[in-house]
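Structure first, then comments.
The values are calculated or read from the model by the stated rules, or taken from the named source; none is laboratory data. Here the structure is a predicted model, which means the values were calculated and not measured. FYI the Cβ positions are ideal-geometry reconstructions off the backbone, even for glycines, and counts take in every protein chain you see. All accessible areas refer to the heavy atoms of the entire protein, side chains included, with ligands and DNA or RNA removed. Shrake-Rupley method; radii C 1.70, N 1.55, O 1.52, S 1.80 Å.
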Amino acid sequence: MECIECGEKIIGRSDKKFCNDACRNAYNNNQNKDSNNLMRNVNNRLRKNYRILVEINTDGKTKVTKSKLDGLGFDFDYFTNLKVYKNGSEYRFIYDYGYKLLDDNFVLIVKNQA
């Protein structure tokens, strides 16, 4: 039997796939890494947006200007889900933090308590 990472001969149990922990870790890291830069970039933007919302929304509900979020590097194109309530209010969420675009260039930031 040969190691599926490096090809060296495996000594031990007949069902072993790797010759040592380093090969097992290297193989799994290669299998689990982002397949391309797109995925990594999207996740980085979501993380940055999330950090900005957490930093600004210290009271559970905060109203700020859109330009303040823009200045901090918030990217309005990236969010994890969209929730439209019965009254027509539309909130974009990044995990448990959401925001609603208001009139006059304001943004309402909320934390979902679910």
- Item | Viscosity 0.890 mPa s, 25 °C: Kirkwood-radius Stokes-Einstein D of the chain over Cα pairs, µm²/s | 141 µm²/s
- Note on the structure: Computed for the chain: size of charge dipole around the Cα centre, +1 on C-beta of each Lys and Arg, -1 on C-beta of each Asp and Glu, debye to nearest 20, value 220 debye
- Message: Compute the helix-to-body angle for 21-32: its Cα long axis versus the longest principal axis of the chain, expressed 0 to 90° and rounded to tens.
- Response: 40 degrees
- Item | Heavy atoms of VAL42: accessible area, 1.4 Å probe, square angstrom to 10 | 40 Å²
- Highest-MSF residue in the chain out of TYR91, TYR50, TYR27 [GNM, Cα springs under 10 Å]: TYR27
- Reachable lysines from LYS83, criterion Cα separation under 30 angstrom, eight or more residues apart if same chain: LYS48, LYS61, LYS63, LYS66, LYS68, LYS100, LYS111
- Degrees between helix 37-56 axis and first principal axis of the chain (Cα, 0 to 90, nearest 10): 40 degrees
